[in-house]
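Heads up, the thing below is written out as structure tokens.
The values are calculated or read from the model by the stated rules, or taken from the named source; none is laboratory data. Given the structure is predicted, the values throughout are model-derived calculations rather than measurements. Cβ placement follows ideal geometry from the backbone for every residue including glycine, while neighbour counts extend to all protein chains displayed.
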Amino acid sequence: MPSAHRESVRFVVPLVVALVLIALSAVYWPAGRVVAGAVLVLLAGLTAFVLFFFRDPERAIPPDRNLIVAAADGLVVSVEEMEEPDFALGRRQRIAIFLSVFDVHVNRSPVAGRVSKTSYKAGSFLDVRHADASTQNEALSWLLETEHGPVAVRQIAGLVARRIVAWAREGSALERGQRFGMIRFGSRTEIFLPASCQVLVKVGDRVEGAATPIARWN
């Protein structure tokens, strides 16, 4: 399966090539060394940030299989009951997680299950903290069939994030905490759970994908 590290290659390689070319220009064009030095510092900083952004640390998944884990790193910005918008699942408990550019952006399955359906929706690129971002932004939704019933996960692109990356596909069997995709450069992830689940997080909590329990099966 593809990974965050592979995703980073398309950004890192051009930056490294640019660094080499600028360094060579400084050698053969002494008059431009001040400008070249400034550009080198800028490119080196950008390369370091890209490598930092595409990091993908291993996580310790809670052993209790009744626990539902966070699908992403970030800040819990909403815990509420609402209609699930993509797969007609009815009223669900939605847990929304905001990912800043400084968070790990790999998305992980909150439950063990099979991807029975996906739904892509083109849309805007509002700041994901905006009230309308959940309904108007570009999004890719996943329907996971589990032994406890269906669970939906939505990847939502944001103001800076313009690329939702899917590594799994319809028919894929996902383990709890398994990587299934990522969103590049700032985003939002939402998990829609049955009303019978016991939610364990609240607005303002910080969570880590695959490691932080967000709910428990009843």
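General remarks:
- Taking each residue of the range 29-53 that is under 15 Å from Val101 (Cα atoms) and looking for partners that are at pLDDT 85 or above with beta-carbon atoms closer than 8 Å, six or more apart or interchain, yields Phe53/His105.
- Test: residue in the range 100-114 that is of a type in the set (Asp, Glu) and touching a residue at least 40 places away in the same chain (Cβ under 8 Å): no
- Candidate set: the range 143-162, residues that are charged (D, E, K, R) and part of a strand (DSSP E or B); chosen: the one modelled with the lowest pLDDT: Arg154
- Restricting Leu200, Leu193 to those that are buried (at least 18 other Cβ atoms within 10 Å of the Cβ), modelled with pLDDT of 95 or more and among the aliphatic types (A, V, I, L, M) reduces the list to Leu193.
- Here is the figure for the range 77-100: residues that are surrounded by fewer than 20 Cβ atoms within 10 Å (Cβ to Cβ) and hydrophobic (A, V, I, L, M, F, W, C) total 6.
- Taken together, the residues in the range 96-142 that are among the polar types (S, T, N, Q) and at pLDDT 90 or above amount to 6.
- Scan of the range 23-49 for residues that are at pLDDT 80 or above, over 31 Å from the mean Cα position of the chain (by Cα) and either of a type in the set (Val, Ile, Thr) or loosely packed, with under 11 Cβ neighbours inside 10 Å (or both), ordered by number: none
- Of the strands (runs of 3 or more DSSP E) lying entirely inside the range 1-99, those carrying at least 1 residues that are touching an Asp or Glu at 6+ places or on another chain (Cβ under 7 Å) and small (Gly, Ala, Ser) are 74-83, 91-99.
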